[in-house]
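Report on one structure; see the data block that follows.
The values are calculated or read from the model by the stated rules, or taken from the named source; none is laboratory data. Model, not experiment: these values are computed from the prediction. Here the Cβ positions follow ideal geometry from the backbone for every residue, glycine too, while neighbour counts run over all protein chains shown.
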Amino acid sequence: MNYQPNSLSLKNRWGDNMNITIVEDEELAAGYLEKILKKQQVIKISTINILSTVKEAISYLSTNTPDLIFFDVHLADGSSMEVLEAVEIKAPIIFTTAYDKYAIEAFKHFTIDYLLKPYEADSLIEALNKLKTMKESFTQDKGALVRHLKGGGSSFQERFLIQHAHQLKSIEAEEIAYFYASGKHLFIYTFSRQSYLYNSTVRDIISQLDPNRFFKINRNYVVNIKAVNNVVKASYAKLSVDLYPPPPDENKVILSKTEISNFKKWLNK
């Protein structure tokens, strides 16, 4: 059962102090998470409620709506995915689990992040900051968060799942400065200058992106319009695209001759 957020429910639930529910059957793991939550300064917390079984979670979430839920996948009496099928979850979710095979299924729901155990406190703080950013965007524009979570009503891909160290991360399209190919691998490079290996190719990725936002400037680069800092003549028939942030290898990025006309039209939209 997938949750489709609406502005009224989000407004009612995202107050100043948040009620947190942790669904975790390992006492040490639940205690570790609770300790981090009590020490962090990103969000304000009113209550923390800990549940340890599928049965408890279904019973509680059928009549209560927390502001944020932390789910472990494997519980003593089953899987948290059973809870998501049995109850209409009207709250953002952060998964904390030792299993990565459920990540795709998890992101069908209102998932903020998917942290693989053992995770560090910094990873959890990063997930909370993502939630806070979404909350602030919603406060400024009541429709912004809903459009964000629904992909802006378009069929273009808005989130990209990558594996980084021992955790899975979801990178928002707006965070991506460009995709670049190196050898046989494709990488995502963000505006915060983080590089992540992504399991795709330039040819495949371009068909999944919003053409108003991204453009394939040559066989190795697909760039975000906001990453185009300057365009200069490299020679009589070539243009060099100055990207920000600069490419990790610091090499010049030359616009393909066949794309010059389309590139100019793209910049002029």
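Numbers below:
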read-out: Scan of region 190-214 for residues that are touching a residue at least 12 places away in the same chain (Cβ under 8 Å), out of contact with any Leu (no Cβ under 9 Å at 6 or more places or on another chain) and closer than 30 Å to ALA121 by Cα, ordered by number; value: THR190, PHE191, SER192, ARG193, SER195, TYR196
read-out: Failed item in (1) at pLDDT 80 or above; (2) touching a helix residue (DSSP H, G or I) at 6+ places or on another chain (Cβ under 7 Å), with SER137 passing the rest; value: (1)
read-out: Segments classed as strands (runs of 3 or more DSSP E), wholly inside region 214-269, with at least 2 members that are among the charged types (D, E, K, R), over 12 Å from TYR180 (Cβ atoms) and assigned by TED's automatic domain parsing to the domain that holds ILE176; value: 238-243
read-out: Residue, nearest to ILE36 (Cα to Cα), within region 87-102, restricted to residues that are without any contact (Cβ under 8 Å) to a residue 60 or more places away in the chain and surrounded by fewer than 17 Cβ atoms within 10 Å (Cβ to Cβ); value: ALA98
read-out: Region 59-71, residues that are surrounded by 15 or more Cβ atoms within 10 Å (Cβ to Cβ), modelled with pLDDT under 95 and of a type in the set (Val, Ile, Thr); value: THR65
read-out: Matching residues in region 45-84 - criterion: being free of Cβ contacts under 8 Å to residues at least 40 places away in the same chain, among the small types (Gly, Ala, Ser) and not in a strand (DSSP E or B); value: SER52, ALA57, SER59, SER62
read-out: Residues that are in contact with a helix residue (DSSP H, G or I) (Cβ under 6 Å, 6 or more places away or on another chain) and of a type in the set (Asp, Glu), drawn from region 32-76; value: ASP67
read-out: Single condition LEU84 does not satisfy, out of (1) under 27 Å from THR133 (Cα atoms); (2) in contact with a strand residue (DSSP E or B) (Cβ under 6 Å, 6 or more places away or on another chain); value: (2)
read-out: Any hit, region 185-201, residues being more than 30 Å from PRO118 (Cα to Cα) and among the charged types (D, E, K, R); value: no
